[in-house]
Amino acid sequence: MEFLRKLFGLQKSNSEHGVVIHFNYNKEDLAPLQDLERRLDDVLKGKAVGDYDGNEIAVDYSDGYLFLYGRNAEELFAEIKGTLESTDFMSGANVKLRFGPPEDGVKEIEFKLN
């Protein structure tokens, strides 16, 4: 990848850090998840900390993942923490902060959301 960056004059991505949240959902439909997605987009809109990239949800709606990327995982999580904590199905979610691109050896920390 570094070769391609040099060849084409590409800048390094400002979105190499990640925040991945694994949560229990157990809802009848996707409306609550879609509401959370809108609120996350609103919180991050116009801020240079990162972007909400989407979700993966189990076919039976039992659990899912949210994916966010930005320049600094801690700053990104700090911006969305209040929104997550105010969402009932996020209680007890597993949060992973990744401090670099998705590759072996990159520092990560994991914790549960209160």
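Ranked by Cβ crowding within 10 angstrom, fewest neighbours first, how are L44, L113 ordered?
Least to most surrounded, the residues fall as L113, L44.
Springs between Cα atoms under 10 Å define the GNM used for the chain, and in it the highest mean-square fluctuation of N94, N72, N26 occurs at N26.
With the convex hull drawn around the C-alpha atoms of the chain, the volume per residue stands at 119 Å³. Just checking the listed ones, D41, D104, D51: in the Gaussian network model of the chain with Cα springs under 10 Å, the one fluctuating most is D104. What is the helix-to-structure angle for 73-85, meaning the angle in degrees between its Cα long axis and the longest Cα principal axis of the chain, kept from 0 to 90 and rounded to the nearest 10? With rounding to tens, the tilt is 10 degrees. Relative to the longest principal axis of the Cα atoms of the chain, the long axis of helix 31-44 lies at roughly 40 degrees.
Distance between the modelled labels on K47 and K112, one decimal in nanometres: 2.6 nm (7 Å Cα→Cβ projection). Estimated from helices alone, the mean residue ellipticity of the chain at 222 nm is -9000 deg cm²/dmol (sum of -39500 (n - 2.57) over DSSP H runs with n ≥ 4, per residue).
Read-outs: derived from the displayed coordinates by stated rules, not from any lab. These figures come from a predicted structure and were not determined experimentally. Neighbour counts are summed over all protein chains in view; Cβ atoms, including those assigned to glycine, are modelled from backbone coordinates with ideal geometry.
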